[in-house]
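To start, the structure itself, in structure tokens.
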Amino acid sequence: ASCTLPRVRMLEQPQTDTYHENRLLDPDQLTDATADYLRMHRLKRSYRRDARKVIVELHTAWSNDPSSAGRLALMELCLDQGGRQAADRPELAAGYYLAAAQLASAGVDLPALAGQPPSHAPSASDPDLSLLAFNHSSGQIARLLFDSKRSRTEATTIAGPWQRYRLHLRIIGDAEVSDDKFFDRLEAAEYMELDFTNIERFTRAGIGAAMVGSRDATPARQLANPYLSPMGMAVPVNATLTFTSKDNAVELLLSDLTRSATIELDGHTVPLSADLTAPLVLLYNQIKEPHIAWKGLLHPDDYLEYMRIYQLEPYHPDKIPVLFVHGLISSPKIWLPALNVLTADPLLRQRYQLFAFVYPTGFPIAYSAAAMRRRLSDLPAHFDSRGNNPNMQHMLLVGHSMGGILANMQVRNSGDTLHSTFFKAPLDDLAGLDDAQVEALRSLLFY
């Protein structure tokens with residue numbers, strides 16, 4: 001078990017709670033209600049032959065005589081066609097998903113989501129299915145937009161089954177994350193199954209799709225930011241669509257969930273759906289050295305390049321850094337259960353940001369402690385070049401086993417204790433050492 005890394009396995013169909021929900025999101029099956037609706041209009045066979053024509057025909061009929069049953073049936077048919085076209089014709093799929101989200105949004109009760117009395121009394125299946133369809137469609141639109149070669153900064157026109165939409169992306173987050181090129185990929189958490197881990201999966205129900213935004217660790221990015229992990233970065237985000245009647249405009253709101261847990265929609269503060277565990281586990285898919293804990297003990301020189309501080313989330317100036325230090329024959333894998341619980345706590349997530357110190361544990365403790373000191377001294381210079389952020393002065397160190405000793409050695413004054421243990425003469429008087437060796441000894445013995 002100690003050699004098994006947690007993994008994320010991508011599913012072909014999203015995970016749902018009930019059989020009825022599974023049928024709604026399965027493009028190859030119809031719910032009983034939608035199948036009955038097609039039979040009632042004598043369109044079930046026609047739907048198999050020409051789905052788009054039937055959807056347009058049903059939309060025209062529903063527009064003239066709106067009903068909840070008609071809206072839900074149209075919503076499901078658009079979902080199914082979006083799912084069928086997503087792989088080969090993503091542009092066509094996006095149009096269907098936008099239509100499905102627009103229909104679903106009419107059944108989402110925002111006051112109820114905001115914890116207020118419901119604004120209407122929908123049918124038993126309406127609110128759950130509408131919210132599920134809306135969230136699923138929002139996630140698919142986000143994924144298709146990030147997978148396409150379209151510009152993310154300019155509005156893009158997408159043809160739906162009965163109208164055209166003007167889609168615009170708006171990212172809600174700090175300056176770093178709000179760059180439209182920050183994330184390389186978006187994946188919907190509902191397609192992620194967590195393997196080889198028994199940690200609790202922390203999710204939150206709400207509006208929009210729970211997503212994971214991935215940022216690759218390219219050489220250029222690691223040069224610009226030495227604290228970017230070689231595994232890259234995985235951030236919990238949320239994708240929510242908003243529709244306006246003017247010019248058929250649609251806005252895709254991408255929210256950084258390490259910053260915000262709610263969103264303002266039509267005057268209501270509603271929770272954003274979230275999966276806070278999937279991003280942590282997804283990072284382990286990128287590990288290229290699964291046995292680094294043992295190898296770092298036996299051959300530490302081979303892993304000097306890994307001896308660094310890594311950020312586990314985008315940098316937030318208003319949060320206090322917490323640095324985790326693993327122990328002997330170990331790696332940051334040991335912190336997964338703790339990080340999972342900490343990131344799930346809303347107060348801690350609001351006030352703290354997480355870092356990890358990685359080091360091959362075969363070096364002497366004094367050497368690793370000196371390396372950690374140097375990297376800690378460089379951290380404020382990179383993220384707080386003006387030196388005016390008090391949060392950098394309130395950093396917390398959390399160490400396990402040997403990592404606890406390393407953390408302890410960051411908050412001690414060595415005095416002359418270590419030097420006098422090994423040497424009777426001052427370092428500058430030692431024979432046979434060049435200046436670099438003297439300075440290396442000084443960094444190990446005096447701090």
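Basic side chains Lys and Arg get +1 at the Cβ, acidic Asp and Glu get -1 at the Cβ, and with that the dipole of the stretch 281-394 about its Cα centre reaches some 140 debye. Relative contact order of the stretch 1-89, taken over Cα pairs closer than 8 Å and 6 or more residues apart, is 30 percent.
The length gained on full extension between Ala440 and Asn408, counted as 0.36 nm times the residue separation minus their Cα-Cα distance, comes to 9.5 nm. With Cα atoms defining each centre, the stretch 327-354 and the stretch 42-70 are spaced 50 Å apart in the structure.
The stretch 180-205 and the stretch 208-227 have Cα centres spaced 15 Å apart.
With distances taken between every two different alpha-carbon atoms, the stretch 211-312 has a Kirkwood hydrodynamic radius of 16.6 Å.
With the chain treated as a Gaussian network of Cα nodes joined by springs under 10 Å, which of His136, His382, His326 yields the largest mean-square fluctuation? The residue with the greatest mean-square fluctuation here is His382. Straight Cα distances below 20 angstrom link Lys44 to the lysines Lys53, with same-chain residues fewer than 8 positions distant left out.
Per-residue ellipticity at 222 nm computed for the chain from its helices equals -11500 deg cm²/dmol, with DSSP H segments shorter than 4 residues left out and the rest contributing -39,500 (n - 2.57).
Projecting label points 7 angstrom from Cα along Cα→Cβ for Asn198 and Trp294 puts them 2.2 nm apart.
Backbone amide hydrogens, once placed in the peptide plane, bring Arg185 within less than 5 Å of Ser214, excluding anything fewer than 5 places away on its chain.
Straight-line cross-link reach from Lys181 at under 20 Å between alpha-carbon atoms covers these aspartates and glutamates, not counting any fewer than eight positions away in the same chain: Asp147, Glu154, Asp216, Glu251, Asp256, Glu313. Between the residues Phe183, Leu312, Ala94, the greatest Cα displacement towards the positive end of the dipole of the chain, with unit charges on the Cβ of Lys, Arg, Asp and Glu, is found for Ala94.
Within the set [x] 98, 43, 39; [y] 71, 47, 45; [z] 54, 53, 34, the number that Cα extents along the principal axes in Å takes when calculated for this structure is listed as [x]. Judged by the mean number of other Cβ atoms found within 10 Å, the most tightly packed of the peptides 364-374, 282-292 leads the ranking 364-374, 282-292.
Pairs exceeding 28 Å between alpha-carbon atoms, taken from Lys149/Lys319; Lys149/Lys246; Lys288/Lys319; Lys149/Lys333: Lys149/Lys319; Lys288/Lys319; Lys149/Lys333.
With a Förster radius of 25 Å, plug the Cβ-Cβ distance of Asp302 and Glu176 into 1/(1 + (r/R0)^6) and report the FRET value to the nearest 0.05. Don't jump to the answer; show the numbers that get you there.
Details: r = 33 Å, r/R0 = 1.30.
Calculated value: 0.15.
Spatially, the stretch 404-447 and the stretch 132-173 are offset by 59 Å when compared through their Cα centroids. Full extension of the chain between Glu91 and Ser67 yields a length gain of 5.8 nm, computed as 0.36 nm times the residue separation minus the alpha carbon distance.
To the nearest 20 debye, what charge dipole does the chain have about its Cα centre, counting +1 at the Cβ of each Lys and Arg and -1 at the Cβ of each Asp and Glu? If you can, show how the numbers build up before the last one.
Numbers: 43 positive and 51 negative charges, 112 e Å.
So the magnitude is around 540 debye.
Just order 63-69, 22-28, 193-199 by mean Cβ neighbour count inside 10 Å, highest at the front, would you? Display every interim value, and only then the final one.
Numbers: 63-69: 10.7, 22-28: 17.0, 193-199: 14.4.
In descending order of packing, they fall as 22-28, 193-199, 63-69.
Output the relative contact order of the chain, whole-number percent, from Cα pairs under 8 angstrom with separation of 6+ residues. Relative contact order here is 13 percent. Shape of the stretch 18-89 from the C-alpha gyration tensor: oblate (a/c of 1.5 or more and a/b not above b/c, with a ≥ b ≥ c the square roots of its eigenvalues).
For chymotrypsin sites (Phe, Trp or Tyr not before Pro), no site in the stretch 27-120 is both called loop by DSSP and has at most 13 other Cβ atoms within 10 Å.
Only the coordinates and a few stated rules stand behind these numbers; no lab work does. Just so you know, these numbers come straight off a predicted model, no measurement behind them. With ideal geometry, Cβ positions are generated from the backbone for all residues, glycine too; neighbour counts draw on all protein chains shown.
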